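Just passing along the structure, written as structure tokens.
The values are calculated or read from the model by the stated rules, or taken from the named source; none is laboratory data. These figures come from a predicted structure and were not determined experimentally. No Cβ is skipped: glycine too gets one built from the backbone with ideal geometry, and neighbour counts run over all protein chains shown. These accessible areas exclude ligands, DNA and RNA; they are computed on the full protein's heavy atoms, side chains included. Shrake-Rupley method; radii C 1.70, N 1.55, O 1.52, S 1.80 Å.
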Amino acid sequence: MMFNNLLETWLPNVKWDTLWEATMETLYMSVLAVAATFVLGIFLGLTLYLTDKGNLWQNKVIHAITAALVNVFRSIPFIILIILLIPFTTFLVGTMLGPSAALPALVIGAAPFYARMVEIGLREVDKGVIEAAQSMGANQWHIIFKVLLPESMPALISGITVTSIALVSYTAMAGVIGAGGLGDLAFREGFQRTNPDVTFVATIAILIIVFILQWIGDWITNKLDKR
Amino acid sequence: MIRLQQLSKVFQARSDSIRAVDNVDLSINTGEIFGVIGYSGAGKSTLIRMLNMLERPSAGNVTVADWNMADLSGRRLREARQEISMIFQHFNLLWSRTVKENIAFPLEIAGVSKQKRAERVEELTELVGLSGRGDAYPSQLSGGQKQRVGIARALANNPKVLLCDEATSALDPKTTDSILDLLTDINKKLGLTIVLITHEMHVIRKICHRVAVMDGGKVVEQGLVIDVFRNPEQDMTKEFVKQVTEPEETLDALKDILKSSENGLVVKLMFLGEDAEQPVMTDLIRTCGVAVNILQGKVSKTRDGSYGTLFVQLQGNKEELDKAWQYLQEHRVEAEVLNDV
Ligand SMILES: Nc1ncnc2c1ncn2[C@@H]1O[C@H](COP(=O)(O)OP(=O)(O)OP(=O)(O)O)[C@@H](O)[C@H]1O
Ligand SMILES: [Mg+2]
């Protein structure tokens, strides 16, 4: 009773069911985007690494094209990327509104960023270990799936942790153009209707999500790292 | 088992080219432990890496077992590599895998079933003396234990040949010896052909049957280890032999004695065989009437016999000394006078 009164005094404009809904939308966008970014980023990172000079699939042309794509998409500010991708998103999802519509932009914005981290992680894998695997008769798939990815896994996980935190802030930006979620709530309900308490609560919710993601990421990284 | 013919490797650097291996001919017998020794940059690593095509030759032939290695590629090369294992100076274990999982790695590659893998891993852990450490990660092992994992891993698919690239260079002397003992053991037990490269003559002396000395990409001398010890031809070989036959500070220690000629003749004697020096010394004293002062001595064991170096001081008058010298010549003891009288 006391507690409810306090909440009503200090946060008079917060509608808790709306807040819950917005949080779920943010989580939905973040989790799906992180999963897709993980897969696409590893694919791009592996391509960058393997086609680089002196590596398994050394190929100047493919390396240059992938590197250019990654660099271009990494450099476009996210808010502009969303706008640029409107036709693509409407074609893919059928609408420009709602959490699902934010996903293409989120993944395309985050995957190149993550791909560079994947590439750095892969470069840290000891060349001697790759050579040892080759000397045992490993083929390229063995080397990718039994050496490169497992040996760089702590780096890949700590990279996706950083990326997922960036993704949460991207979802907030995506919210501004109608994707829903906590960013949307803070902007429309909080800022535009001058309800600072709503902005405050939305911020707290985002911070909690970020802390939990960071904690999970650190925990997995520690668990995996046997160096 | 292994035959190298006119083998060369040229690295193309930006401006000039480096002949890392230059026209090498070698043949290595089945069941033999063959050593290659040379200083840094001599081309040893490049040579051994051409045996399993980690490095492609620029010219010449490599035959291992019945494979003409340079002709192999793709699947056939990978199959051949399962029979030509390698161990490394820095072990090159996967840190994300436990000891057991590291040893299982080549078995996974060869497509061995899970059940058989577990049995084989158990056997190998035992063979290399790591029973009980199977679930440890490489980071929890000492250097010597890591190399044991490397050896177990290399033996997993029952190879015909084991290549060792400076396998003991990162280890302390005691651990080095235990790894060398393990290699000797494996060689005897499994009849495995071992090629090892090193810059330490101690390694060659302890376990090799034959040795080749490399310099500037060329093999400058080769033969049975005991022969090379007894009769090194090249200056470089002599230096390597000195690493093990002469105690390190010998010349420093003898410096004062060498300075004054009053002290008589200072002679370095080289003996072959366990007890060869005994009768020679006794006779020298009895028949020539010289006094013999032993200054320094060291016996080195090779696989095919021992080999000793003795620094002695012979004292007596001119006549006696001449007689002693002649005696040594007649008895075919290799002797070298270190000071002039
Ligand atoms: N990939 C490479 N590209 C260019 N030059 C190389 C390459 N690998 C080796 N070399 C050169 O070839 C020569 C022989 O090198 P190698 O590694 O075979 O020597 P090594 O006898 O094994 O020396 P160490 O005892 O230091 O290992 C050196 O001059 C080296 O710089
Ligand atoms: Mg080397």
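Using amide H atoms built in the peptide plane, which far-off residues or other-chain residues are under 5 Å from B:Ala59 H to H?
When sequence neighbours closer than 5 places are left aside, the close amide H contacts are B:Ser8.
Taking chain B as a Gaussian network, Cα atoms linked when under 10 Å apart, which of B:Asn68, B:Asn317, B:Asn52 shows the biggest mean-square fluctuation?
Residue with maximal mean-square fluctuation among B:Asn68, B:Asn317, B:Asn52: B:Asn317.
Now for a different question. Using amide H atoms built 1.01 Å from N in the peptide plane, name the residues 5+ places from A:Asn55, or on other chains, whose amide H lies under 5 Å from its own.
Those qualifying (amide H under 5 Å, at least 5 residues apart or on another chain) number zero.
With a 1.4 Å probe and all protein chains left in place, how much accessible area per residue does region A:124-227 have, in Å²?
The answer is 46 Å² per residue.
Also: Quick one: with all protein chains in place, what share of the accessible area of region A:159-227 is carbon or sulfur, to the nearest percent (1.4 Å probe)?
70 percent
Something else: Any chance you could check region A:208-227 for residues losing 50 Å² or more of accessible area when the partner protein chains are in, compared with the chain on its own (1.4 Å probe)?
Going by heavy-atom accessible area, the residues of region A:208-227 that drop by at least 50 Å² are A:Lys226, A:Arg227.
Can I ask one more? How far is helix B:99-109 tilted off the main Cα axis of chain B, in degrees rounded to 10, range 0 to 90?
Between helix and principal axis, roughly 60 degrees.
Amide H neighbours of B:Leu272 under 5 Å, at least 5 residues apart or on other chains, H built in the peptide plane: list them.
So B:Leu272 has HN proximity to B:Gly308.
Still on this model: Please report, ordered by residue number, every helix of chain A (full DSSP H runs) that is 20 Å or longer along its axis going by C-alpha atoms and whose mean Kyte-Doolittle hydropathy reaches 0.5.
A:16-50, A:60-75, A:99-123, A:149-174, A:196-224
For chains A and B, what's the summed buried accessible area, probe 1.4 Å, to the nearest 100 square angstrom?
The A and B chains share an interface burying roughly 2000 Å².
In region B:56-191, carbon and sulfur make up what percent of the accessible area (probe 1.4 Å)?
The C+S portion of the solvent-accessible surface of region B:56-191 is 43 percent.
Something else: Pick from B:His199, B:His209, B:His331: which residue has the top mean-square fluctuation in a GNM of chain B where Cα pairs under 10 Å get a spring?
B:His331
Among A:Thr23, A:Thr51, A:Thr163, whose mean-square fluctuation peaks in a Gaussian network model of chain A (Cα, cutoff 10 Å)?
Between A:Thr23, A:Thr51, A:Thr163, it is A:Thr51 that shows the largest mean-square fluctuation.
Something else: What does the highest-first list of A:5-11, B:200-206, A:188-194, B:237-243 look like by mean Cβ count within 10 Å?
B:200-206, B:237-243, A:188-194, A:5-11
Then there is this: Enumerate by residue number the chymotrypsin sites (Phe, Trp or Tyr not before Pro) in region A:82-164 meeting two conditions: DSSP loop (anything except H, G, I, E, B), and at most 15 other Cβ atoms within 10 Å of the site's Cβ.
Counting only loop positions with at most 15 other Cβ atoms within 10 Å, none of the chymotrypsin sites (Phe, Trp or Tyr not before Pro) in region A:82-164 qualifies.
Here is a follow-up. Express in whole angstrom the spacing between the alpha-carbon centres of region A:72-141 and region B:66-85.
After rounding, the separation between the Cα centres reads 37 Å.
Quick one: angle between helix B:143-155 and the longest Cα principal axis of chain B, in degrees between 0 and 90, rounded to 10, please.
Approximately 60 degrees, to the nearest ten.
Considering only DSSP beta bridges whose two residues both sit in region B:2-243, what percent are antiparallel, to the nearest 5?
Given both bridge residues lie in region B:2-243, the antiparallel proportion sits at roughly 50 percent.
Same structure again: In region B:91-113, which residues become less accessible by 30 Å² or more once every protein chain is in place, relative to the chain on its own, using a 1.4 Å probe?
SASA drop of 30 Å² or more in region B:91-113: B:Asn92, B:Leu94, B:Trp95, B:Ser96, B:Phe105, B:Glu108, B:Ile109.
Sticking with this structure for a sec: Give the distance, in whole Å, between the Cα centre of region A:44-59 and the Cα centre of region B:120-137.
36 Å
Now for a different question. If you line up the long axis of helix B:173-190 against the longest principal axis of chain B, both from Cα atoms, how many degrees apart are they, to the nearest 10?
For B:173-190 against chain B, the angle is about 60 degrees.
Quick one: divide the alpha-carbon radius of gyration of chain B by 2.2 N^0.38 Å and tell me what you get.
1.20
Sticking with this structure for a sec: Which GluC sites (Glu not before Pro) in region A:105-140 pass both tests, a DSSP loop state and at most 16 other beta-carbon atoms within 10 Å?
Counting only loop positions with at most 16 other Cβ atoms within 10 Å, the GluC sites (Glu not before Pro) in region A:105-140 are A:Glu124.
Shifting gears a bit: Roughly how many Å² is the accessible area per residue of chain B, as a whole number, for a 1.4 Å probe? Numbers along the way, then the final one.
On the way: 15920 Å² over 341 residues.
Per residue, chain B has an accessible area of 47 Å².
List the residues of region B:131-167 whose accessible area drops by at least 30 Å² when all protein chains are present, compared with their chain alone, using a 1.4 Å probe and counting only protein heavy atoms.
Buried by 30 Å² or more upon assembly, which counts only protein chains, are B:Tyr137, B:Ser139.
Out of the chymotrypsin sites (Phe, Trp or Tyr not before Pro) in region B:300-341, which ones are loop residues according to DSSP with at most 14 other C-beta atoms within 10 Å?
Answer by residue number: there is no such site.
If all Cα-Cα distances of region B:1-115 are sorted into 10 Å bins from 0 onward, what percent lands in each bin, rounded to whole numbers?
Each 10 Å bin holds this share of Cα pairs: 11, 37, 33, 16, 2, 0.
Further question: Does region A:83-227 come out rounded, prolate or oblate, given a ≥ b ≥ c as the square roots of the eigenvalues of its C-alpha gyration tensor, rounded meaning a/c under 1.5 and, failing that, prolate meaning a/b above b/c?
oblate
I would also like to ask the following. Could you work out the mean count of beta carbons from other protein chains within 10 Å of each residue's beta carbon in A:134-146?
6
How high is the relative contact order of region A:1-127, given as a whole-number percent (alpha carbon pairs under 8 Å, six or more residues apart)?
35 percent
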